[in-house]
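This report concerns only the one structure given below.
What follows draws every value from the coordinates through simple rules; no lab data is involved. Note that the structure is predicted; figures quoted are calculated from it, not measured. Cβ: placed from backbone, ideal geometry, glycine included. Neighbour counts: every protein chain shown.
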Amino acid sequence: MKSIYHFITTSCIIALVCTESIVHAQSNLSIAKGYLQSNLKTYNLSENDIANWIVTDNYVSKHNGLNHIYLQQTYNGIPVENAIININVSNNRKVVSSNSRFITNINDKARGTQRISSLMAVNNALSELQIEKPAGIQMLENRNDARKYSKFQKFDDIDSDITSQLTYIQETTGVVSLVWETEVHTIEPKFNAWKVYVDASSGEILKKINMVLECRFETPDDDCHYDTKTGEHAHHSAPITSDHSFAGDTYLVFDSPVESPNHGGRTIVMDPADPIASPYGWHDTDGIAGAEYTITRGNNVW
């Protein structure tokens, strides 16, 4: 009897906690919606720009209790790629920060109607990637929704089933074009994960992005850069100096705020050690003049 009572009590507690979490999330979503509505001028948006957004993520950070809500812009029921608004709500129901990448005046910028099928888009994408197509590609799934998501049977050196769905993308000219976003993952001659954007009206390839980035750093001068907007990837050697015999506290690095080799090149930084945290620098362990190591093994580092 006690076991049954304990089970019922525990179940009720879990149900109450889950219900409270759902209500909390819904309440904060209403707050985010109201905040967006009242800050249209701040982001230079119109009522049409924020019509029919969809929630792409909604979660709470454990360390600070912030509820992070992500809304994606849509047009004609179709998502606009990278058009995201992030609104952060505190546990006392106040918006503490937000950031918008919604496209302003989207009605004036959107172009294109669907004139080609998803199968034609897949064929065009495979031709662009120079992948030999079989006589007939088998369609596995074809949804009758706004995005018209389609899935096609993988073949030969294709790693997984090919997918294609309607999406809007903003081109460098500012025009927002309707495209078939087509994903093709290959395993030979090497693994690649391609996103090919095929104009839904003309069948033209507007851009392609390889989601697999490969770069080798064989010499100190090697530099690698990937443009996340255009998908262009450049690798080259660009010597910063002809003399790499730097002083002990001089480093050739991707310095802040450069996040990674994708975001910029390397620069020379001198004496970066904090004088309080690392009073003897990054190479000294005994406090006596002269470094014990030439790697970053020293006071407060290793």
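Pairs over the 23 Å Cα-Cα cut-off, from the set K41/K195; K133/K195; K62/K195: K41/K195; K62/K195.
Can you pick out the pairs among K33/K109; K154/K190; K109/K151 whose Cα atoms lie more than 19 Å from each other?
Working: K33/K109 24 Å; K154/K190 16 Å; K109/K151 29 Å.
Pairs exceeding 19 Å: K33/K109; K109/K151.
For K41 and N86, what does the FRET efficiency come to when R0 = 25 Å and r is the distance between their Cβ atoms, rounded to the nearest 0.05? It comes to 0.85.
Please list, ordered by chain and number, the residues whose modelled amide H lies under 5 Å from the amide H of F102; skip anything fewer than 5 residues away on the same chain. Under 5 Å from the amide H of F102: I84. The fewest-to-most ranking of S164, S127, S256 by surrounding Cβ atoms within 10 Å reads S256, S127, S164.
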